[in-house]
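Have a look at the structure below before the remarks.
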Amino acid sequence: MKHDPPPAAVTRGEAATVRAATSRRVLDPVARASEVLFGLIMVLTFTLSLAAAGAGRADVPAVLLGALGCNLAWAIIDAAMYLMGVRGERRLAISTIQAIRGAESPEVGRAIVAENIPPAVLPALTTSDLDRIRLHLSRLPPETLETRFNREDYLAALGVFLLVFLCLFPVAAPFLLFADLTLALRLSNIVAVAMLFLTGFTFGRQVGRPWRGGFLMVAIGVALVAVALALGG
């Protein structure tokens, strides 16, 4: 039976890198765009209901207070779900590493590694590459296999909270600055569309199509708000 060579030293920096790799980052373009879109949809369902219901100026405080409470609640829920996702990803990573360590043979260990590599990357790896990854994972120090949250996790969760919650204020600001409800509603819609476009544009830059990303984000946002309003959301 083939035996693996003696374990090589693994630095704390390498272990920290592995732990960090199991966490999603709030600055990830996809995550950031999704959170902003979600927050904007929440507040737009409230502001657009003013026009849909034929409400007057006296109804604005109640609607804005409802939007504030709703966005606050969902921002907290979204941040909590982020942390739950991080914990789940780490547990899955730990389970994979333990399976590699307990593999009956190097061949089985390589198969486990291959199952957890993106399909687009796998064809570029040779058997030697898979074996090197297997050996590296099997030699990780015990402190790598932990699911406790760290400072970066809590900061990322705070970022998720702020992305959802702060979307409220630019869209709600016209209702606080202008007495004319029709003007305030139009300016609010313009701000919301601009925020959707900028979010999509920023995301689109990551894939080389910023303008398409901006217009697509606006179309998706408008469609989702229309669905929410139609269903009484």
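Results, tabulated for the structure shown:
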| quantity | calculated |
| --- | --- |
| Residues satisfying the stated conditions in the range 164-190, i.e. buried (at least 17 other Cβ atoms within 10 Å of the Cβ) and of a type in the set (A, V, I, L, M) | VAL164, LEU168, VAL171, ALA172, LEU181, ALA184, LEU185, LEU187 |
| Answer from ALA79, ALA52, ALA15 - the residue that is modelled with pLDDT under 80, of a type in the set (Gly, Ala, Ser), touching a helix residue (DSSP H, G or I) at 6+ places or on another chain (Cβ under 7 Å) and over 25 Å from LEU177 (Cβ atoms) | ALA15 |
| Of all residues making up the range 128-175, the number that are within 30 Å of LEU37 (Cα to Cα) and assigned to a helix (DSSP H, G or I) | 23 |
| Positions within the range 139-153 being within 23 Å of GLY88 (Cβ to Cβ) and either in contact (Cβ under 8 Å) with a residue 24 or more places away in the chain or open to solvent by less than 70 Å² (accessible area, probe 1.4 Å) (or both), in sequence order | LEU140, PRO141, GLU143, THR144, LEU145, GLU146, THR147, PHE149, ASN150, GLU152, ASP153 |
| Pairs where the first residue, in the range 64-86, is in contact (Cβ under 8 Å) with a residue 12 or more places away in the chain and within 25 Å of ASN150 (Cβ to Cβ) and the second is among the acidic types (Asp, Glu) and open to solvent by less than 20 Å² (accessible area, probe 1.4 Å), C-beta under 9 Å, 6+ apart | TYR82/ASP153; LEU83/ASP153; VAL86/ASP153 |
| Those residues of the range 191-233 which are more than 15 Å from MET42 (Cβ to Cβ) and open to solvent by 70 Å² or more (accessible area, probe 1.4 Å), in sequence order | LEU198, ARG205, GLN206, VAL207, ARG209, TRP211, ARG212, PHE215, LEU216, ALA230 |
| Filter result for the condition that a residue is at pLDDT 85 or above and of a type in the set (A, V, I, L, M), over LEU176, LEU181, LEU145 | LEU176 |
| Hey, ARG134 open to solvent by 40 Å² or more (accessible area, probe 1.4 Å) and among the basic types (Lys, Arg) or not | no |
| Filter result for ILE94 (within 30 Å of VAL30 (Cα to Cα), under 25 Å from the mean Cα position of the chain (by Cα), surrounded by 11 or more Cβ atoms within 10 Å (Cβ to Cβ) and at pLDDT 85 or above) | yes |
| Test: residue in the range 30-44 that is of a type in the set (D, E, K, R), modelled with pLDDT of 60 or more and assigned to a helix (DSSP H, G or I) | yes |
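Results for (1) closer than 30 Å to GLY66 by Cβ; (2) under 22 Å from the mean Cα position of the chain (by Cα), shown as yes or no for each residue.
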site: ILE117; (1), (2): no, yes
site: LEU130; (1), (2): no, no
site: LEU137; (1), (2): no, no
site: PHE175; (1), (2): yes, no
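Residues checked against (1) of a type in the set (D, E, K, R); (2) more than 30 Å from PHE197 (Cα to Cα):
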{"site": "LEU64", "(1), (2)": "no, no"}
{"site": "LEU83", "(1), (2)": "no, no"}
{"site": "ARG91", "(1), (2)": "yes, yes"}
{"site": "ILE94", "(1), (2)": "no, yes"}
{"site": "ALA103", "(1), (2)": "no, yes"}
{"site": "PRO106", "(1), (2)": "no, yes"}
{"site": "GLU115", "(1), (2)": "yes, yes"}
{"site": "THR147", "(1), (2)": "no, yes"}
{"site": "TYR154", "(1), (2)": "no, no"}
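Residues checked against (1) over 28 Å from VAL30 (Cβ atoms); (2) in contact with a Lys or Arg (Cβ under 8 Å, 6 or more places away or on another chain):
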| site | (1), (2) |
| --- | --- |
| VAL60 | yes, no |
| ARG101 | yes, no |
| ALA111 | yes, no |
| VAL121 | no, no |
| SER128 | yes, no |
| HIS136 | no, no |
| ARG139 | yes, no |
| LEU163 | no, yes |
| LEU166 | no, no |
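The values are calculated or read from the model by the stated rules, or taken from the named source; none is laboratory data. Computed from a prediction, not measured in an experiment: that's the story for all the values here. We place every Cβ from the backbone using ideal geometry, glycine too, and count neighbours over all the protein chains shown. With ligands, DNA and RNA removed, areas are computed over all heavy atoms of the protein, side chains included. Shrake-Rupley method; radii C 1.70, N 1.55, O 1.52, S 1.80 Å.
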